[in-house]
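Engineer: Below is one structure. I have some questions about it.
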Amino acid sequence: MSELAKIELDGKVYEFPVVVGTENEKAIDISKLRDTTGYITLDTGYKNTGATKSSITFLDGEEGILHYRGYSIEELAEKATFLEVAYLLLNGELPTQSELDSFGSSIKKHTLVHEDMKRFFEAYPAKAHPMGVLSSMICSLSTFYPESLDPHRSKEMKELTMHRLLAKMPTLAAWAYKNSIRHPFMYPNNDYDYCSNFLHMMYAMPTEEYKVDPVVAAALNKLLILHADHEQNCSTSTVRIVGSSQANLYATISAGISALWGPLHGGANQEVIEMLEQIHNDGGDVDKWVAKAKDKEDPFRLMGFGHRVYKNFDPRAKIIKKACDDVLEKMGINDPMLAIAKRLEQVALEDEYFKARNLYPNVDFYSGIIYKAIGIPTEMFTVMFAIGRLPGWISQWKEMTENKEPIGRPRQIYTGYTSRSFVEITKR
Ligand code: ACO
(Lines give C-alpha, C1' and ligand atoms only; values in the text may rest on other atoms or scores of the structure.)
Protein backbone atom coordinates (compact mmCIF):
# COMPACT_ATOMS: atom_id res chain seq x y z
CA MET A 1 0.00 0.00 0.00
CA SER A 2 1.55 3.33 -1.00
CA GLU A 3 1.88 6.11 1.54
CA LEU A 4 -0.96 8.61 1.93
CA ALA A 5 -0.90 12.13 3.35
CA LYS A 6 -3.87 13.17 5.47
CA ILE A 7 -5.08 16.74 5.66
CA GLU A 8 -7.80 17.70 8.12
CA LEU A 9 -9.94 20.66 7.12
CA ASP A 10 -13.11 21.81 8.88
CA GLY A 11 -13.18 18.55 10.82
CA LYS A 12 -12.99 16.36 7.72
CA VAL A 13 -9.97 14.23 6.82
CA TYR A 14 -8.84 14.06 3.19
CA GLU A 15 -6.22 11.69 1.84
CA PHE A 16 -3.70 12.50 -0.85
CA PRO A 17 -1.22 10.17 -2.54
CA VAL A 18 2.49 10.49 -1.85
CA VAL A 19 4.65 10.40 -4.97
CA VAL A 20 8.19 9.03 -4.61
CA GLY A 21 10.93 9.76 -7.13
CA THR A 22 13.74 7.41 -8.17
CA GLU A 23 16.11 9.11 -5.70
CA ASN A 24 13.48 8.72 -2.95
CA GLU A 25 12.33 12.34 -3.08
CA LYS A 26 8.81 12.59 -1.73
CA ALA A 27 5.90 14.81 -2.66
CA ILE A 28 2.26 15.04 -1.66
CA ASP A 29 0.22 15.02 -4.84
CA ILE A 30 -2.32 17.77 -4.22
CA SER A 31 -3.54 18.02 -7.82
CA LYS A 32 -7.08 17.18 -6.64
CA LEU A 33 -6.93 19.39 -3.54
CA ARG A 34 -9.12 22.22 -4.81
CA ASP A 35 -11.66 19.92 -6.41
CA THR A 36 -12.10 17.87 -3.25
CA THR A 37 -11.65 20.47 -0.50
CA GLY A 38 -12.09 23.92 -2.09
CA TYR A 39 -8.68 24.93 -0.73
CA ILE A 40 -5.50 25.77 -2.63
CA THR A 41 -1.92 25.79 -1.31
CA LEU A 42 0.02 29.02 -0.86
CA ASP A 43 3.78 28.91 -1.49
CA THR A 44 5.31 32.18 -2.65
CA GLY A 45 8.53 31.66 -4.54
CA TYR A 46 7.50 27.99 -4.99
CA LYS A 47 9.91 26.99 -2.24
CA ASN A 48 8.01 23.73 -1.56
CA THR A 49 6.17 23.25 -4.81
CA GLY A 50 7.00 20.54 -7.30
CA ALA A 51 5.71 21.81 -10.63
CA THR A 52 6.46 18.68 -12.62
CA LYS A 53 7.93 15.18 -12.65
CA SER A 54 11.17 15.20 -14.61
CA SER A 55 13.77 12.59 -15.56
CA ILE A 56 16.45 15.05 -16.71
CA THR A 57 18.36 16.43 -13.73
CA PHE A 58 18.60 15.35 -10.12
CA LEU A 59 20.00 17.55 -7.42
CA ASP A 60 20.27 17.12 -3.69
CA GLY A 61 20.86 20.50 -2.10
CA GLU A 62 21.73 19.09 1.32
CA GLU A 63 24.34 16.65 -0.01
CA GLY A 64 25.61 18.88 -2.83
CA ILE A 65 24.78 16.34 -5.56
CA LEU A 66 24.04 17.20 -9.18
CA HIS A 67 23.34 14.57 -11.87
CA TYR A 68 22.30 14.94 -15.50
CA ARG A 69 20.36 11.82 -16.55
CA GLY A 70 22.07 9.90 -13.74
CA TYR A 71 25.65 10.97 -14.56
CA SER A 72 27.49 13.05 -11.96
CA ILE A 73 28.42 16.60 -12.83
CA GLU A 74 31.98 15.90 -11.67
CA GLU A 75 32.42 13.11 -14.24
CA LEU A 76 30.72 14.95 -17.06
CA ALA A 77 32.77 18.11 -16.48
CA GLU A 78 35.94 16.04 -16.47
CA LYS A 79 35.29 13.69 -19.40
CA ALA A 80 32.58 14.97 -21.76
CA THR A 81 32.26 17.61 -24.43
CA PHE A 82 29.51 20.18 -24.24
CA LEU A 83 27.79 18.73 -27.34
CA GLU A 84 27.83 15.25 -25.81
CA VAL A 85 26.15 16.67 -22.72
CA ALA A 86 23.63 18.55 -24.86
CA TYR A 87 22.81 15.27 -26.64
CA LEU A 88 22.53 13.48 -23.30
CA LEU A 89 20.12 16.06 -21.90
CA LEU A 90 18.00 16.11 -25.03
CA ASN A 91 17.87 12.37 -25.67
CA GLY A 92 18.35 10.77 -22.29
CA GLU A 93 21.44 8.72 -23.23
CA LEU A 94 25.08 9.47 -24.03
CA PRO A 95 25.55 9.37 -27.80
CA THR A 96 27.48 6.67 -29.63
CA GLN A 97 30.24 8.01 -31.91
CA SER A 98 27.99 7.91 -34.97
CA GLU A 99 25.10 9.57 -33.11
CA LEU A 100 27.43 12.31 -31.93
CA ASP A 101 28.85 12.77 -35.44
CA SER A 102 25.42 13.15 -36.97
CA PHE A 103 24.23 15.48 -34.15
CA GLY A 104 27.43 17.55 -34.54
CA SER A 105 27.05 17.87 -38.30
CA SER A 106 23.42 18.89 -37.98
CA ILE A 107 24.45 21.64 -35.56
CA LYS A 108 27.27 22.76 -37.89
CA LYS A 109 24.87 22.90 -40.81
CA HIS A 110 22.80 25.58 -39.06
CA THR A 111 25.42 27.90 -37.52
CA LEU A 112 24.83 30.73 -39.99
CA VAL A 113 22.07 33.24 -39.35
CA HIS A 114 20.05 34.90 -42.08
CA GLU A 115 21.94 37.88 -43.56
CA ASP A 116 18.98 40.17 -42.84
CA MET A 117 19.50 39.60 -39.13
CA LYS A 118 22.79 41.48 -39.36
CA ARG A 119 20.80 44.62 -40.02
CA PHE A 120 18.95 44.22 -36.70
CA PHE A 121 22.25 44.51 -34.86
CA GLU A 122 23.04 47.83 -36.53
CA ALA A 123 19.96 49.39 -34.93
CA TYR A 124 21.13 48.67 -31.38
CA PRO A 125 23.17 51.31 -29.58
CA ALA A 126 26.76 50.24 -28.82
CA LYS A 127 25.98 50.37 -25.09
CA ALA A 128 23.09 47.87 -25.43
CA HIS A 129 23.47 45.06 -22.89
CA PRO A 130 24.16 41.84 -24.85
CA MET A 131 21.49 39.94 -22.86
CA GLY A 132 18.83 42.34 -24.17
CA VAL A 133 20.19 41.90 -27.68
CA LEU A 134 20.41 38.10 -27.35
CA SER A 135 16.89 37.60 -26.05
CA SER A 136 15.48 39.81 -28.85
CA MET A 137 17.54 38.06 -31.51
CA ILE A 138 16.49 34.61 -30.35
CA CYS A 139 12.84 35.66 -30.43
CA SER A 140 13.43 37.24 -33.85
CA LEU A 141 14.49 33.85 -35.23
CA SER A 142 10.79 32.93 -35.06
CA THR A 143 10.10 35.55 -37.74
CA PHE A 144 12.54 33.85 -40.13
CA TYR A 145 11.11 30.37 -39.60
CA PRO A 146 7.32 30.80 -39.65
CA GLU A 147 7.00 27.07 -40.30
CA SER A 148 8.16 26.51 -36.71
CA LEU A 149 5.52 28.74 -35.10
CA ASP A 150 3.47 25.66 -34.32
CA PRO A 151 5.84 23.74 -32.03
CA HIS A 152 3.94 20.49 -32.61
CA ARG A 153 3.77 20.57 -36.39
CA SER A 154 5.97 17.50 -36.80
CA LYS A 155 8.69 15.59 -35.00
CA GLU A 156 11.18 16.53 -37.73
CA MET A 157 10.34 20.24 -37.53
CA LYS A 158 10.66 20.13 -33.74
CA GLU A 159 14.12 18.59 -34.03
CA LEU A 160 15.17 21.06 -36.71
CA THR A 161 14.14 23.99 -34.50
CA MET A 162 16.04 22.58 -31.51
CA HIS A 163 19.17 22.11 -33.65
CA ARG A 164 18.83 25.55 -35.22
CA LEU A 165 18.69 27.11 -31.77
CA LEU A 166 21.74 25.24 -30.50
CA ALA A 167 23.62 26.14 -33.69
CA LYS A 168 22.73 29.82 -33.91
CA MET A 169 23.00 30.75 -30.24
CA PRO A 170 26.85 31.10 -30.24
CA THR A 171 26.74 33.04 -33.51
CA LEU A 172 24.16 35.52 -32.21
CA ALA A 173 25.91 35.78 -28.84
CA ALA A 174 29.31 36.51 -30.41
CA TRP A 175 27.77 38.99 -32.81
CA ALA A 176 26.08 40.81 -29.92
CA TYR A 177 29.58 41.34 -28.54
CA LYS A 178 31.16 42.30 -31.88
CA ASN A 179 28.36 44.80 -32.37
CA SER A 180 28.94 46.37 -28.96
CA ILE A 181 32.55 47.17 -29.92
CA ARG A 182 31.55 47.98 -33.49
CA HIS A 183 33.85 45.34 -34.93
CA PRO A 184 33.01 43.39 -38.07
CA PHE A 185 31.07 40.18 -37.54
CA MET A 186 32.99 36.95 -38.01
CA TYR A 187 31.15 34.12 -39.69
CA PRO A 188 31.19 30.69 -38.03
CA ASN A 189 34.02 28.39 -39.06
CA ASN A 190 32.66 24.86 -39.09
CA ASP A 191 36.13 23.33 -38.93
CA TYR A 192 36.03 24.19 -35.25
CA ASP A 193 34.21 22.42 -32.45
CA TYR A 194 31.32 24.20 -30.68
CA CYS A 195 33.41 26.07 -28.08
CA SER A 196 36.32 26.94 -30.39
CA ASN A 197 33.91 28.24 -33.00
CA PHE A 198 32.38 30.59 -30.45
CA LEU A 199 35.83 31.86 -29.45
CA HIS A 200 36.69 32.34 -33.12
CA MET A 201 33.55 34.44 -33.69
CA MET A 202 34.32 36.48 -30.55
CA TYR A 203 38.00 37.22 -31.15
CA ALA A 204 39.00 36.66 -34.79
CA MET A 205 39.29 39.66 -37.11
CA PRO A 206 39.11 39.61 -40.90
CA THR A 207 42.63 41.15 -40.97
CA GLU A 208 44.44 38.65 -38.80
CA GLU A 209 44.46 34.98 -38.01
CA TYR A 210 43.19 33.94 -34.58
CA LYS A 211 44.48 30.78 -33.02
CA VAL A 212 42.14 29.22 -30.47
CA ASP A 213 44.04 28.49 -27.25
CA PRO A 214 43.18 24.89 -26.24
CA VAL A 215 43.37 25.84 -22.54
CA VAL A 216 40.71 28.48 -23.11
CA ALA A 217 38.52 26.18 -25.22
CA ALA A 218 38.77 23.43 -22.57
CA ALA A 219 37.84 25.86 -19.78
CA LEU A 220 34.87 27.08 -21.78
CA ASN A 221 33.76 23.50 -22.46
CA LYS A 222 33.79 22.78 -18.72
CA LEU A 223 31.93 25.96 -17.81
CA LEU A 224 29.19 25.32 -20.35
CA ILE A 225 28.73 21.76 -19.07
CA LEU A 226 28.43 23.00 -15.48
CA HIS A 227 25.66 25.37 -16.54
CA ALA A 228 23.85 22.99 -18.91
CA ASP A 229 20.88 22.21 -16.68
CA HIS A 230 19.70 22.76 -13.14
CA GLU A 231 16.18 21.37 -12.89
CA GLN A 232 13.31 23.76 -12.07
CA ASN A 233 15.21 27.02 -11.47
CA CYS A 234 13.75 30.47 -12.28
CA SER A 235 14.63 30.56 -16.01
CA THR A 236 13.78 26.89 -16.62
CA SER A 237 10.42 27.29 -14.89
CA THR A 238 9.88 30.35 -17.11
CA VAL A 239 10.65 28.23 -20.17
CA ARG A 240 8.20 25.55 -19.04
CA ILE A 241 5.48 28.10 -18.25
CA VAL A 242 5.85 30.00 -21.54
CA GLY A 243 6.16 26.75 -23.50
CA SER A 244 3.04 25.39 -21.80
CA SER A 245 0.97 27.97 -23.67
CA GLN A 246 2.32 26.31 -26.85
CA ALA A 247 4.24 29.45 -27.83
CA ASN A 248 6.95 28.64 -30.37
CA LEU A 249 10.34 27.47 -29.10
CA TYR A 250 12.23 30.64 -30.09
CA ALA A 251 9.84 32.85 -28.08
CA THR A 252 9.95 30.36 -25.22
CA ILE A 253 13.76 30.33 -25.01
CA SER A 254 13.87 34.11 -25.36
CA ALA A 255 11.71 34.30 -22.21
CA GLY A 256 14.16 31.99 -20.44
CA ILE A 257 17.05 34.29 -21.40
CA SER A 258 15.19 37.26 -19.95
CA ALA A 259 14.56 35.41 -16.68
CA LEU A 260 18.22 34.43 -16.49
CA TRP A 261 19.34 38.05 -16.85
CA GLY A 262 18.25 39.06 -13.32
CA PRO A 263 21.01 39.61 -10.73
CA LEU A 264 19.47 37.06 -8.35
CA HIS A 265 19.82 34.39 -11.05
CA GLY A 266 22.31 34.24 -13.97
CA GLY A 267 23.03 37.97 -13.80
CA ALA A 268 24.89 37.27 -10.56
CA ASN A 269 28.09 36.31 -12.40
CA GLN A 270 28.47 39.84 -13.76
CA GLU A 271 27.58 41.27 -10.35
CA VAL A 272 30.22 39.10 -8.64
CA ILE A 273 33.12 40.41 -10.68
CA GLU A 274 31.85 43.99 -10.35
CA MET A 275 31.61 43.46 -6.59
CA LEU A 276 35.15 42.05 -6.41
CA GLU A 277 36.43 45.02 -8.41
CA GLN A 278 34.54 47.38 -6.13
CA ILE A 279 36.12 45.76 -3.05
CA HIS A 280 39.55 45.86 -4.71
CA ASN A 281 39.20 49.54 -5.68
CA ASP A 282 37.99 50.32 -2.17
CA GLY A 283 41.27 49.05 -0.69
CA GLY A 284 40.42 45.35 -0.41
CA ASP A 285 39.00 45.45 3.14
CA VAL A 286 37.00 42.21 2.95
CA ASP A 287 35.73 42.41 6.56
CA LYS A 288 34.10 45.76 5.85
CA TRP A 289 32.11 44.27 2.93
CA VAL A 290 31.14 41.18 4.86
CA ALA A 291 29.80 43.48 7.60
CA LYS A 292 27.81 45.41 4.98
CA ALA A 293 26.30 42.17 3.66
CA LYS A 294 25.17 41.27 7.19
CA ASP A 295 23.69 44.70 7.90
CA LYS A 296 19.91 44.50 7.29
CA GLU A 297 19.80 48.30 6.82
CA ASP A 298 22.27 48.01 3.95
CA PRO A 299 20.92 46.64 0.63
CA PHE A 300 24.34 45.15 -0.23
CA ARG A 301 24.44 41.33 -0.53
CA LEU A 302 27.46 39.17 -1.18
CA MET A 303 26.84 38.31 -4.80
CA GLY A 304 27.69 34.72 -5.66
CA PHE A 305 26.69 33.58 -2.15
CA GLY A 306 23.58 31.66 -1.25
CA HIS A 307 21.33 29.40 -3.24
CA ARG A 308 17.68 28.45 -3.10
CA VAL A 309 18.40 24.73 -3.06
CA TYR A 310 22.07 24.18 -2.14
CA LYS A 311 22.25 24.46 1.62
CA ASN A 312 25.61 22.73 2.11
CA PHE A 313 27.73 23.45 -0.93
CA ASP A 314 27.23 23.96 -4.64
CA PRO A 315 29.11 21.11 -6.38
CA ARG A 316 29.57 23.29 -9.46
CA ALA A 317 31.35 25.94 -7.36
CA LYS A 318 33.84 23.32 -6.18
CA ILE A 319 34.68 22.28 -9.75
CA ILE A 320 34.88 25.88 -10.94
CA LYS A 321 37.16 26.91 -8.09
CA LYS A 322 39.65 24.23 -9.13
CA ALA A 323 39.26 25.05 -12.84
CA CYS A 324 39.86 28.69 -11.97
CA ASP A 325 43.19 27.89 -10.27
CA ASP A 326 44.20 25.67 -13.24
CA VAL A 327 43.32 28.22 -15.92
CA LEU A 328 45.05 31.11 -14.17
CA GLU A 329 48.14 28.99 -13.61
CA LYS A 330 48.27 27.65 -17.19
CA MET A 331 47.75 31.13 -18.60
CA GLY A 332 50.25 32.66 -16.16
CA ILE A 333 47.71 35.18 -14.86
CA ASN A 334 47.92 36.64 -11.38
CA ASP A 335 44.52 38.20 -10.81
CA PRO A 336 44.10 40.15 -7.54
CA MET A 337 40.34 39.45 -7.83
CA LEU A 338 41.03 35.78 -7.17
CA ALA A 339 42.85 36.61 -3.94
CA ILE A 340 39.92 38.80 -2.84
CA ALA A 341 37.43 36.08 -3.80
CA LYS A 342 39.29 33.47 -1.77
CA ARG A 343 39.58 35.76 1.24
CA LEU A 344 35.91 36.66 1.01
CA GLU A 345 34.95 33.00 0.86
CA GLN A 346 37.11 32.20 3.88
CA VAL A 347 35.79 35.10 5.99
CA ALA A 348 32.17 34.43 5.06
CA LEU A 349 32.39 30.69 5.65
CA GLU A 350 33.72 31.26 9.17
CA ASP A 351 31.11 33.89 9.99
CA GLU A 352 28.09 32.98 12.15
CA TYR A 353 25.67 34.95 9.94
CA PHE A 354 26.60 32.98 6.83
CA LYS A 355 26.89 29.67 8.69
CA ALA A 356 23.47 30.04 10.29
CA ARG A 357 21.83 30.77 6.93
CA ASN A 358 23.73 28.09 5.00
CA LEU A 359 25.20 30.67 2.64
CA TYR A 360 27.99 29.19 0.50
CA PRO A 361 29.62 30.32 -2.75
CA ASN A 362 27.46 29.33 -5.71
CA VAL A 363 28.36 28.52 -9.33
CA ASP A 364 28.61 32.21 -10.18
CA PHE A 365 31.20 33.06 -7.54
CA TYR A 366 34.25 31.85 -9.45
CA SER A 367 32.97 31.67 -13.03
CA GLY A 368 33.49 35.40 -13.60
CA ILE A 369 37.18 35.11 -12.72
CA ILE A 370 37.68 32.41 -15.36
CA TYR A 371 35.66 34.32 -17.92
CA LYS A 372 37.77 37.38 -17.21
CA ALA A 373 40.98 35.34 -17.56
CA ILE A 374 39.91 33.94 -20.93
CA GLY A 375 39.08 37.42 -22.18
CA ILE A 376 35.28 37.42 -22.00
CA PRO A 377 34.02 40.97 -21.30
CA THR A 378 32.04 41.40 -18.07
CA GLU A 379 28.73 42.20 -19.78
CA MET A 380 28.98 38.91 -21.68
CA PHE A 381 29.17 36.72 -18.54
CA THR A 382 25.43 36.10 -18.34
CA VAL A 383 25.36 35.47 -22.08
CA MET A 384 27.91 32.69 -21.49
CA PHE A 385 25.58 31.24 -18.88
CA ALA A 386 22.72 31.36 -21.41
CA ILE A 387 24.78 29.49 -24.02
CA GLY A 388 25.50 26.81 -21.42
CA ARG A 389 21.90 26.57 -20.18
CA LEU A 390 20.37 26.33 -23.65
CA PRO A 391 20.38 22.49 -23.95
CA GLY A 392 18.79 22.26 -20.49
CA TRP A 393 16.02 24.70 -21.38
CA ILE A 394 15.34 22.89 -24.65
CA SER A 395 15.32 19.46 -22.96
CA GLN A 396 12.93 20.62 -20.27
CA TRP A 397 10.65 22.10 -22.93
CA LYS A 398 10.85 18.88 -24.97
CA GLU A 399 10.01 16.76 -21.91
CA MET A 400 7.08 19.01 -21.04
CA THR A 401 5.64 18.81 -24.55
CA GLU A 402 6.15 15.03 -24.72
CA ASN A 403 4.37 14.63 -21.38
CA LYS A 404 1.55 16.80 -22.72
CA GLU A 405 1.60 18.93 -19.59
CA PRO A 406 -1.29 21.39 -19.20
CA ILE A 407 -0.87 25.15 -19.43
CA GLY A 408 0.87 26.53 -16.32
CA ARG A 409 -1.57 28.65 -14.40
CA PRO A 410 -1.09 29.12 -10.63
CA ARG A 411 -3.85 30.43 -8.40
CA GLN A 412 -3.74 33.14 -5.74
CA ILE A 413 -5.27 34.28 -2.50
CA TYR A 414 -6.91 37.61 -3.20
CA THR A 415 -6.21 40.30 -0.58
CA GLY A 416 -7.64 43.42 -2.26
CA TYR A 417 -10.91 45.27 -1.79
CA THR A 418 -14.15 43.38 -1.81
CA SER A 419 -16.77 44.55 -4.29
CA ARG A 420 -17.44 48.34 -4.26
CA SER A 421 -19.30 50.80 -6.47
CA PHE A 422 -17.69 53.03 -9.06
CA VAL A 423 -17.23 56.65 -7.89
CA GLU A 424 -17.69 59.49 -10.40
CA ILE A 425 -14.46 61.46 -10.99
CA THR A 426 -15.93 64.68 -9.51
CA LYS A 427 -16.68 62.88 -6.25
CA ARG A 428 -13.28 61.24 -5.66
N1 ACO B 1 24.42 38.00 1.18
C2 ACO B 1 23.92 38.29 2.40
N3 ACO B 1 22.82 37.73 2.94
C4 ACO B 1 22.17 36.83 2.18
C5 ACO B 1 22.62 36.46 0.90
C6 ACO B 1 23.79 37.06 0.40
N7 ACO B 1 24.25 36.75 -0.81
N8 ACO B 1 21.78 35.53 0.38
C9 ACO B 1 20.84 35.32 1.31
N10 ACO B 1 21.07 36.10 2.39
C11 ACO B 1 20.30 36.10 3.64
C12 ACO B 1 18.96 36.85 3.48
O13 ACO B 1 19.08 38.21 3.80
C14 ACO B 1 18.10 36.07 4.45
O15 ACO B 1 18.43 36.51 5.76
P16 ACO B 1 17.28 36.55 6.92
O17 ACO B 1 16.84 35.15 7.11
O18 ACO B 1 17.99 37.14 8.10
O19 ACO B 1 16.19 37.45 6.39
C20 ACO B 1 18.56 34.63 4.34
O21 ACO B 1 19.95 34.74 3.93
C22 ACO B 1 17.80 33.80 3.31
O23 ACO B 1 17.85 34.47 2.04
P24 ACO B 1 16.68 34.47 1.00
O25 ACO B 1 16.85 35.64 0.08
O26 ACO B 1 15.35 34.35 1.71
O27 ACO B 1 16.95 33.09 0.25
P28 ACO B 1 16.39 32.67 -1.16
O29 ACO B 1 16.48 31.19 -1.21
O30 ACO B 1 15.05 33.31 -1.40
O31 ACO B 1 17.41 33.36 -2.21
C32 ACO B 1 19.32 33.76 -3.53
C33 ACO B 1 18.49 32.70 -2.79
C34 ACO B 1 18.42 34.63 -4.42
C35 ACO B 1 20.31 33.04 -4.43
C36 ACO B 1 20.05 34.65 -2.49
O37 ACO B 1 20.90 33.84 -1.69
C38 ACO B 1 20.86 35.78 -3.13
O39 ACO B 1 20.29 36.87 -3.37
N40 ACO B 1 22.18 35.56 -3.43
C41 ACO B 1 22.99 36.52 -4.12
C42 ACO B 1 22.70 36.49 -5.61
C43 ACO B 1 23.29 35.28 -6.29
O44 ACO B 1 24.44 34.93 -6.10
N45 ACO B 1 22.47 34.67 -7.15
C46 ACO B 1 22.89 33.51 -7.96
C47 ACO B 1 22.22 32.29 -7.50
S48 ACO B 1 22.87 30.89 -8.39
C49 ACO B 1 22.11 30.96 -9.85
O50 ACO B 1 21.04 31.42 -10.05
C51 ACO B 1 22.86 30.44 -10.95
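Engineer: Out of region 236-259, which residues are of a type in the set (S, T, N, Q) and either surrounded by fewer than 22 Cβ atoms within 10 Å (Cβ to Cβ) or within 16 Å of the ligand (Cβ to nearest atom) (or both)?
Structural biologist: Once the filter is applied, which keeps residues that are of a type in the set (S, T, N, Q) and either surrounded by fewer than 22 Cβ atoms within 10 Å (Cβ to Cβ) or within 16 Å of the ligand (Cβ to nearest atom) (or both), region 236-259 yields T236, S237, T238, S244, S245, Q246, N248, S258.
Engineer: Could I ask something else about it? Which residues, counting only those in region 60-72, are in a loop (DSSP other than H, G, I, E, B) and farther than 26 Å from T161 by Cα?
Structural biologist: Matches in region 60-72: G61, E62, E63, G64, G70.
Engineer: In the same structural domain as F198 (by TED's automatic domain parsing), surrounded by fewer than 16 Cβ atoms within 10 Å (Cβ to Cβ) and assigned to a helix (DSSP H, G or I), is that true of T171?
Structural biologist: no
Engineer: Now a separate question. Exactly one condition in (1) more than 16 Å from the ligand (Cβ to nearest atom); (2) surrounded by fewer than 17 Cβ atoms within 10 Å (Cβ to Cβ) is not met by G262; state its number.
Structural biologist: Just one mismatch for G262, condition (1).
Engineer: Quick check, is S105 surrounded by 13 or more Cβ atoms within 10 Å (Cβ to Cβ), of a type in the set (S, T, N, Q), assigned by TED's automatic domain parsing to the domain that holds G392 and closer than 19 Å to K168 by Cα?
Structural biologist: no
Engineer: Within region 276-297, can you find the residues that are within 10 Å of the ligand (Cβ to nearest atom) and in a loop (DSSP other than H, G, I, E, B)?
Structural biologist: D295, K296
Engineer: For region 54-80, how many residues are over 29 Å from E405 (Cα atoms) and buried (at least 19 other Cβ atoms within 10 Å of the Cβ)?
Structural biologist: 3
Engineer: Looking only at region 336-347, filter to residues that are out of contact with any Leu (no Cβ under 8 Å at 6 or more places or on another chain) and free of Cβ contacts under 8 Å to residues at least 60 places away in the same chain; which one of those is nearest to the ligand (Cβ to nearest atom)?
Structural biologist: Ranking the qualifying residues of region 336-347, first place goes to E345.
Engineer: Here's something else I'd like to know. Does A317 satisfy the criteria of being in contact with a strand residue (DSSP E or B) (Cβ under 7 Å, 6 or more places away or on another chain) and surrounded by 15 or more Cβ atoms within 10 Å (Cβ to Cβ)?
Structural biologist: It is true that A317 is in contact with a strand residue (DSSP E or B) (Cβ under 7 Å, 6 or more places away or on another chain) and surrounded by 15 or more Cβ atoms within 10 Å (Cβ to Cβ).
Engineer: Let me spell it out: the conditions are (1) modelled with pLDDT under 90; (2) polar (S, T, N, Q); (3) not assigned by TED's automatic domain parsing to the domain that holds E231, and Q412 meets all of them except one. Which number is the exception?
Structural biologist: (1)
Engineer: Can you work out which of the residues in region 138-168 that are among the hydroxyl-bearing types (S, T, Y) and at pLDDT 95 or above is surrounded by the fewest Cβ atoms within 10 Å (Cβ to Cβ)?
Structural biologist: Ranking the qualifying residues of region 138-168, first place goes to T143.
Engineer: Tell me, yes or no, whether region 386-402 has at least one residue that is loosely packed, with under 12 Cβ neighbours inside 10 Å and either under 30 Å from T111 (Cα atoms) or in contact (Cβ under 8 Å) with a residue 12 or more places away in the chain (or both).
Structural biologist: yes
Engineer: Is there any pair linking a residue in region 3-23 that is at pLDDT below 95 to one that is outside any strand (DSSP E or B) and surrounded by 12 or more Cβ atoms within 10 Å (Cβ to Cβ), with Cβ under 9 Å and at least six apart or on different chains, and which?
Structural biologist: Final answer for the pair search is D10/T37.
Engineer: Among the residues that make up region 212-225, is at least one of them closer than 22 Å to G64 by Cβ, within 13 Å of the ligand (Cβ to nearest atom) and either touching a strand residue (DSSP E or B) at 6+ places or on another chain (Cβ under 7 Å) or not hydroxyl-bearing (S, T, Y) (or both)?
Structural biologist: Yes.
Engineer: Return the residues of region 348-385 that are assigned to a helix (DSSP H, G or I), within 16 Å of the ligand (Cβ to nearest atom) and surrounded by fewer than 20 Cβ atoms within 10 Å (Cβ to Cβ); say none if nothing qualifies.
Structural biologist: Across region 348-385, the qualifying residues are L349, E350, E352, Y353, K355, A356, T378.
The values are calculated or read from the model by the stated rules, or taken from the named source; none is laboratory data. These figures come from a predicted structure and were not determined experimentally. Glycine also receives a Cβ, built like all others from the backbone with ideal geometry; neighbour counts cover every protein chain displayed.
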